Amino acid sequence: MAGRPRAPRLISNNVLPNVNLQIVNLIPKDIYLQMTDDISWITWLAEHRLIRNEQLCATCQQPMPLTRRQNRGIGYDWMCQACNTRVSLKTGSFFANTRLDSKTIVMMMYYWVYAVKSTNVMLFENITDWHIIVDYNNFFRMECEKWINNRHVQLGGIDVNGQPVVVEVDESYFFHRKYHRGIRRKGSWVFGMVERGTGNCWLEIVPRRNAATLEPIMMNHLLPGTVVISDAWGGYVNVSTMNNGVFMHEVVVHAQNFVNPVRHDIHTQTIEGLWMQVKRKLRYQSGTSRQLFKSYIAEFQWRYSHKDNTFGQFLDLMSVNYNI
């Protein structure tokens, strides 16, 4: 006698490995097509590592089958057949503490990744409360901050051809004015390092820009053999002698010229371009609050380092942040 088929213990057999997740390139229609029914949608979420593909019972340590649950979140739960424990599909994911529909959240995530104006997103997704957009944009930005905090970025070193990699370094001052009007308030210094050719960078808010502050950051994030190019600011005076001379140091004196007239490769135009992009981004976002400034810097750093297949790269970031 055949009986009822066993409930599945895996949502999908085709969960994307991280290396494939990073190259996912979708248009909105591709995602909307997966929203036609609950099974198609949760399968898409599991395959793209936004929810867990399987769940063990915390009590019995047995795989929990997927069961239908009417009028509850995504529409399905994990349920232990031995002890009847239920676990939401949202458990352990970005959706765990959210009340908004997961489909709306994913589309807000997609549009945020591609910097679509919030007013347009509200129209596309029929969102009437401006605070919802603001809150989720902040959440996505904080995921970039987690990404920054959870990895050790190292720049420079020696490339595959045995040549030293050039890293440009500089500091820039970010001021804060309410609505860009009125008296300027005390701002923040940001120290930046950018690797030529790759766009890999490191940005860090610093209390001051002296050698005692900048040197430990360079030691922590630059690989031996790096060619460091800076301006003539005194905070870089010891670069060539740090750690027994593991870095080469070239200086362009901006009071004289912005590009060395003899060696045109000695300049800081890459890092100057990066500062221009950061400040343009912040102006586009109508400035930032002091409390969120670090997350805005983290968002820019993530975006600057992930210019290709950006949505797939952000899905990968989320899978790592939530260990899915």
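Summary of values
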read-out: Qualifying residues in segment 76-92 (those that are of a type outside the set (Lys, Arg) and in contact with a helix residue (DSSP H, G or I) (Cβ under 8 Å, 6 or more places away or on another chain)) - the one nearest to Glu143 (Cα to Cα); value: Leu89
read-out: Elements of type helices (runs of 4 or more DSSP H) contained in segment 37-143, each with 2 or more residues being closer than 28 Å to Tyr304 by Cβ and not small (Gly, Ala, Ser); value: 102-113, 118-124
read-out: Output for segment 7-36, where each listed residue is charged (D, E, K, R) and not in a helix (DSSP H, G or I); value: Arg9
read-out: For Val206: the one exception among (1) under 19 Å from the mean Cα position of the chain (by Cα); (2) touching a residue at least 12 places away in the same chain (Cβ under 8 Å); value: (1)
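Each reported figure results from applying straightforward, stated rules to the coordinates on display, with no laboratory input. From a predicted model like this one, the values you see are computed outputs, not experimental measurements. FYI the Cβ positions are ideal-geometry reconstructions off the backbone, even for glycines, and counts take in every protein chain you see.
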